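Everything on this sheet refers to the single structure shown next.
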Amino acid sequence: MTTKSYQIPAKVLLFGEYGILSHYLGVAVTLPKYQYHLTISTEKLSKVPWQDESDLSQENTHKLQQFVSRIQSLYPQKEVYGLIHKPFPKDGGFGNSSALLYAVHDFLFRETYPDKDPLKDPLFWEGIFKALLSVQGGGSGYDVAIQAHHCQIDRELKGKDPFLWTYTKTTSLPLVQCQGSYQVPGYLLPTGIYSSTAKALKIFRQEKTQDQKDFYALEQNKLAQRFMNLWDQSLLDESQLKILMNDSLTLAKTQGIASFLEQDKSLPFPFKTLGSGYGDMLWILTSKDDVFWKTWQGFPMGSQGFNPISFYEG
């Protein structure tokens, strides 16, 4: 019997949406404050093969089993079982799917190839991209990659502050680099508007011409490169972030994917849409003491009031 426990940090892609699909740069953070905790075993851990202790409904259990079975199909000779103790908040866009995909695939790979290092083996990443294709129609794999690398060097990453990562998809091993801790300013704000990664990818791939896809990929890459250039020169302050956010918002509004932006929201402070669907989560540069929040009633289609999520402890 083999049993392994996983504690996987949340992730947020800051810059590089869609550019990372075309092998351009992505800039993201992992948030150790939020952990996806699960146990995987070669023997049953509950009455059903897979169970989420935070949601024992039959519907959720069925969806969970379907998701895992698609990953497990890559290893037809292996059968694994799991118990999710604590997922991420569902409205956070923190990477529940990528955390589960990484853990299941990591466990199966190690069981199949006990002498190989998953993160350094092209076969492991080939399986990750096959799984992504099966569960959501594709993807860059950045989320799985940075969560996996964070877990590998977790002992070196002290504290609960966010860590900044760069990611570039390659033809074999993804290029993943930890840039150090980053005290991300502002807050994350859920809009309550769900954006499906699979749907957003489908729109981008099927409803855009190749020239349009190339344009958006290149422009997103430019924003990510500008962010990292400022970071490398220690010039990344809030005034520079505001410029980057405004430029990103202008670009996102032309892309025709975001349900949030289609509602023509006007907020009295800088913000950036996050996620593949551009709208389920905002990165906002403001404080809890801002007078705006005293009268704000929330998004018409989303959450009510100001329910910010902190990037870090403190």
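Within this structure, Ile40 passes the test of being part of a strand (DSSP E or B), farther than 30 Å from Leu188 by Cα and aliphatic (A, V, I, L, M). Can you report the number of residues in the stretch 102-130 which are touching a strand residue (DSSP E or B) at 6+ places or on another chain (Cβ under 8 Å) and hydroxyl-bearing (Ser, Thr, Tyr)? Within the stretch 102-130, residues that are touching a strand residue (DSSP E or B) at 6+ places or on another chain (Cβ under 8 Å) and hydroxyl-bearing (Ser, Thr, Tyr) number 1. Scan the stretch 1-32 for residues that are in a strand (DSSP E or B) and not basic (Lys, Arg) and the total you get is 19. For the stretch 105-136, a residue qualifies if it is among the acidic types (Asp, Glu) and touching a helix residue (DSSP H, G or I) at 6+ places or on another chain (Cβ under 9 Å), and the qualifying residues are Asp106, Asp117, Asp121. Filtered by the rule that a residue be modelled with pLDDT under 75 and of a type in the set (A, V, I, L, M), the stretch 268-314 gives Val291, Met301. Just wondering, is there one or more residues in the stretch 34-41 that are at pLDDT below 95 and over 23 Å from Lys130 (Cα atoms)? Yes, some residue in the stretch 34-41 is at pLDDT below 95 and over 23 Å from Lys130 (Cα atoms).
The values are calculated or read from the model by the stated rules, or taken from the named source; none is laboratory data. In this text the structure is predicted, and so the values were computed from the model without any measurement. Glycine gets a Cβ as well: all are built from the backbone with ideal geometry, and neighbour counts include every protein chain shown.
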